[in-house]
Amino acid sequence: MLIINDLSKKFRKKEVLHPLDLTLDCGIYGLLGENGAGKTTLLRCIAGLYSDYNGSVSFADKAGKQTGMHYDKIGYLPQEFGGLGELRVNEFLRYFADMKAIDKKSADEEISRALESVNLTDKGKERVMKLSGGMRRRLGIAQTLLGNPELIMYDEPTTGLDPKERLRFQNIIEENRASDVTVIISTHIVSDIECLCDEIIVMKEGHVLGMYTPVQLAETAAGRVYEIAEADYEKYKEYVLPVKKVQSADGHKWRVILEEHFKDKAFEGKKVDSTVEDGYLWVSR
């Protein structure tokens with residue numbers, strides 16, 4: 001369990017994280033927000049990369065008793081992942097195993113399993129600098145699995161991954177669901193997490209706007225999502241939040257969310273079921 005109490009962070013005089021409280025039990029959590037929402041800053045505070053923040057971050061046992069932070073029990077993939085390019089892949093993972101004080105025999109076994117998980121078993125002797133961008137990203141995912149972590153955090157983990165490797169990543173996360181692990185996946189792409197996460201934390205401009213199950217987040221926009229003819233968009237644009245253009249049998253349409261002040265007025269459009277993406281756009285408007 002991870003407990004965050006009254007956490008805030010400033011860069012110089014600008015507050016980039018406003019005071020927030022979160023309690024995250026074992027499970028899979030999405031951290032959703034546009035670029036600049038404060039997601040990366042929050043993860044770096046949790047990972048111990050920033051120490052000059054206000055508030056507290058701590059692990060807790062099942063009874064809720066706080067036990068402090070154990071950074072060797074955290075797996076973390078930052079948004080920008082690089083360095084140590086001259087090392088071979090096996091050496092690279094050995095470096096992270098040593099940082100977590102994993103003994104050699106256990107490290108050999110864990111490195112083998114981690115490489116298999118990310119489909120890099122045949123790349124162990126290659127230098128990291130020779131790997132493609134997607135392979136380096138997968139190697140970054142592999143190092144988070146070392147040391148039986150209690151907390152794993154991924155910052156934009158699917159960047160550079162092809163569709164097949166995105167599915168492989170989702171399978172890795174699903175494997176953690178049955179274990180006593182807390183997983184946080186930070187992204188600005190709803191489709192990366194909507195079918196994967198138990199709960200989604202929505203952030204905007206350094207604030208946590210709420211924490212929802214995927215169903216709850218979709219329901220926040222229920223009853224206000226419509227499809228309208230492309231020609232009608234100009235007529236209604238001051239009353240709606242545009243989601244995206246969609247293709248239908250009778251031509252292009254706009255998928256829109258009715259703003260609060262227009263919900264009860266006459267509206268020429270087809271009401272449709274709200275999605276997680278609709279809910280996110282509504283909550284973060």
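The values are calculated or read from the model by the stated rules, or taken from the named source; none is laboratory data. In this text, all values refer to a predicted model and were calculated from it rather than measured experimentally. Glycine also receives a Cβ, built like all others from the backbone with ideal geometry; neighbour counts cover every protein chain displayed.
Identify all residues within segment 253-268 that are modelled with pLDDT of 85 or more and either in a loop (DSSP other than H, G, I, E, B) or loosely packed, with under 12 Cβ neighbours inside 10 Å (or both); write none if there are none.
The answer is Glu259, and nothing else.
How about segment 1-63: which strands (runs of 3 or more DSSP E) wholly inside it have at least 1 residues that are more than 20 Å from the chain's Cα centre (by Cα)?
Those strands (runs of 3 or more DSSP E) span 2-11, 14-24, 54-60.
Kindly establish whether Ile228 is touching a residue at least 24 places away in the same chain (Cβ under 8 Å) and closer than 24 Å to Thr159 by Cβ.
When the stated conditions are applied, Ile228 does not pass them.
Criterion first (modelled with pLDDT under 95 and outside any loop (DSSP other than H, G, I, E, B)) does Lys105 satisfy it?
Answer is yes for this residue.
Restricting to segment 98-157, and then to whatever is free of Cβ contacts under 8 Å to residues at least 60 places away in the same chain and within 18 Å of Arg177 (Cα to Cα), can you tell me which residue is surrounded by the fewest Cβ atoms within 10 Å (Cβ to Cβ)?
Per the criteria, the residue is Arg113.
Could you count how many residues in segment 171-209 are more than 12 Å from the chain's Cα centre (by Cα) and either outside the structural domain of Asn119 (by TED's automatic domain parsing) or more than 19 Å from Leu43 (Cβ to Cβ) (or both)?
8
Counting only residues that are of a type in the set (Ser, Thr, Tyr) and surrounded by fewer than 16 Cβ atoms within 10 Å (Cβ to Cβ), which one in segment 160-196 is modelled with the lowest pLDDT?
Ser179
Where the second residue is of a type in the set (Ser, Thr, Tyr) and assigned to a loop (DSSP other than H, G, I, E, B) and the first is more than 28 Å from Ala178 (Cβ to Cβ) and in the same structural domain as Ser56 (by TED's automatic domain parsing) and lies in segment 9-27, which pairs have Cβ atoms under 7 Å and are six or more apart or on separate chains?
Lys9/Tyr50; Lys9/Tyr53
Quickly run through segment 35-54 and pick out the residues that are free of Cβ contacts under 8 Å to residues at least 60 places away in the same chain, farther than 11 Å from Tyr76 by Cα and hydrophobic (A, V, I, L, M, F, W, C).
Within segment 35-54, Cys45 is the sole residue that qualifies.
Determine, yes or no, whether Lys235 is touching a Lys or Arg at 6+ places or on another chain (Cβ under 9 Å) and not assigned by TED's automatic domain parsing to the domain that holds Leu24.
No, not satisfied.
Suppose we filter segment 64-97 for residues that are part of a loop (DSSP other than H, G, I, E, B), surrounded by fewer than 14 Cβ atoms within 10 Å (Cβ to Cβ) and free of Cβ contacts under 8 Å to residues at least 40 places away in the same chain; how many remain?
Count: 3.
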